[in-house]
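Below is one structure, written out as structure tokens; the observations come after it.
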Amino acid sequence: MDQKTETIISQLKNALERQEPGTNDHQWIMGISINDDRKQCVIVRVVLKTNGSPYVDGMDILFDKTSDQLTMDPNYYQNSPDFMGGTVTDSFKWLRNHGDLIYQQMDDPDDSDRGSLEASAVDELNHAENNSNESRCSK
């Protein structure tokens, strides 16, 4: 993983991931894709998951690259979600439409009983991709 990718992931995790003290409420980044076609900024697409809902939300966040460092837009939180209340499968289609997938965390990193979401979501994604590939081949 290159330095730019590590910087983006680190800044996003610091800003978006949380575990509410005294509760079991967790929010984590499920996926990140990147579109780096512009000279002055990088557009990063992020999907967030909470352990309290089967649905996910996502947004595009700008990173300024005009200085020596990549800097996340400090007002990103003022935007409403671009992808709201969608399924895991649809969110990964949305991520891949944007650009290269640079990060994926299917299960809750703060959950000691891991595996169930990751296994079911990966199966769901594989099934959706297989169906998509079959329809592309038949055209």
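The values are calculated or read from the model by the stated rules, or taken from the named source; none is laboratory data. Note that the structure is a prediction, hence the values are computed from the model and not measured. Positions of Cβ are generated from backbone atoms using ideal geometry, with glycine treated the same way; all protein chains shown enter the neighbour counts. Calculation scope for accessible area: heavy atoms of the full protein, side chains included, ligands and nucleic acids excluded. Shrake-Rupley method; radii C 1.70, N 1.55, O 1.52, S 1.80 Å.
Observations
- Breaking point among (1) at pLDDT 90 or above; (2) assigned to a loop (DSSP other than H, G, I, E, B); (3) closer than 12 Å to residue 49 by Cβ, for residue 92: (2)
- Residue in region 35-43 that is closer than 22 Å to residue 108 by Cα, surrounded by 11 or more Cβ atoms within 10 Å (Cβ to Cβ) and more than 15 Å from the chain's Cα centre (by Cα) present: no
- Taking region 5-22 as the range and being more than 18 Å from residue 107 (Cα to Cα) and modelled with pLDDT under 90 as the test, the residues that pass are 21, 22.
- Residue within region 76-98 that is closer than 17 Å to residue 38 by Cα and open to solvent by less than 70 Å² (accessible area, probe 1.4 Å) present: yes
- First in region 7-34 and open to solvent by less than 10 Å² (accessible area, probe 1.4 Å), second anywhere and among the small types (Gly, Ala, Ser) and in a helix (DSSP H, G or I), Cβ under 8 Å, 6 or more apart: 30/91; 31/91
- Picking from residues in region 102-119 that are open to solvent by 70 Å² or more (accessible area, probe 1.4 Å) and part of a loop (DSSP other than H, G, I, E, B), the one that is modelled with the highest pLDDT is 110.
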